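Step one of this worksheet: look at the structure below.
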Amino acid sequence: MNAGLRFVHPAAVLFYYIGVVVSLFVFKQPLYLLAAVAAGLLLVALQGGLASRRRTIRFFLLVALATALLNPLISHRGSHILFYWLDQPFTLESFAYGALSAVSLFAVMIWFLSIQHVFTSDKIMHLFGAVSPKGALLLAMALRSLPLLAARFGQIAAVQRTKGVNPLEGPLRKRARDGMAFVQLMLTWTLEEGLQTADSMKARGYGSGPRTLFWPYRWRRRDGRFAAAFAAAGALCAVGWALGRTRYEVYPTLPTTVMPQGTEVIFWAGYAAYLCIPLAMEGRDRLRWRKLR
């Protein structure tokens, strides 16, 4: 089904996702980050990728948890000391900053699942092929690397288990050796295919000079409405950030409340609207598709 963001012009979708990723690095307010996580998970679910990405999401959670636990070990700033360990103070602010960083990182990884779903290789070539053919090819290969590596790992595991190679069974030394064998096979396979792809594209003269492009994507009214909507919401968020209404300073003292106060509610509502634009589009197109069926 070609619906939702996949039906919008790639240039408009690119600027939208750039705005989302930038906001996740700029806005450290807890409610902003929680809204981004909720919207990202719901968007991935509407795009049909939540059930098939459960293992990936669990891995993202482990990475985020490690980030949250790492910050108190390397940063001891803050005015509220919780306890001492090895003569080092552990503060409430360091735990809070680690938690915010973990949520921000998790949100970025979740939104990249949506980016991976929307931006196919033909869209990447459409946007960047004329400007930088080699860079566009590398970007297209990078975006497909994660699901490709996961599929190859499953194939390698199925074959190696028949030979008694299993990193989940046996002593620790055997599991480590079997795991390294898995990684070696997967990397060798990937590098070999990369060399074959490079030779194939070079033989076809790719990137050797000016080339014509097939442009299947045309700017339509729907694309203009989508761009105008997220540009207006993004401008409101930018004004809030410039006025300091979206900032949340953890150090040196943790604020007593995370709820927006006064005009901060307006800017948070603008950010929520920015995140909900693709949700409304995906939901509307799915309802239309079901009625047509």
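Only the coordinates and a few stated rules stand behind these numbers; no lab work does. This one's a predicted model, so the numbers in the text were calculated from it and none came from an experiment. Note: ideal-geometry Cβ built from the backbone for every residue, glycine included; neighbour counts use all protein chains shown.
Quick notes on this one:
- Membrane-span-like helices in the chain (whole DSSP H runs, Cα extent of at least 20 Å along the helix axis, mean Kyte-Doolittle hydropathy of at least -1.0): 10-26, 30-46, 54-74, 92-118, 145-161, 172-203, 221-242, 264-292.
- Order of Asp178, Asp122, Asp285 - criterion: other Cβ atoms within 10 Å of each residue's Cβ, fewest first: Asp122, Asp285, Asp178
- Note on the chain: helix-only mean residue ellipticity at 222 nm, from DSSP H runs of 4+ residues weighted -39500 (n - 2.57) and normalised by residue number, equals -23500 deg cm²/dmol.
- Estimated distance in nm for a label pair at Trp189 and Ala231, the labels positioned 7 Å out from Cα along Cα-to-Cβ: 4.6 nm
- Considering only Cα atoms, the convex hull volume of the chain works out to 199 Å³ per residue.
- Within the shell of other residues whose beta carbon sits under 15 angstrom from the beta carbon of Lys174, the net charge comes to +3, with Lys and Arg scored +1 and Asp and Glu -1.
- Scanning residues 5 or more positions from Thr91 or on other chains, those with amide H under 5 Å from its amide H are Leu82, with H placed 1.01 Å from N in the peptide plane.
- Pairwise centroid distance, computed over Cα atoms, of the range 1-78 with the range 250-293, Å: 13 Å
- Taking every alpha-carbon pair under 8 Å whose residues sit at least 6 apart, the chain reaches a relative contact order of 29 percent.
- Reach of Lys174 by Cα under 21 Å, taken over lysines that are not fewer than 8 positions away in the same chain: Lys163
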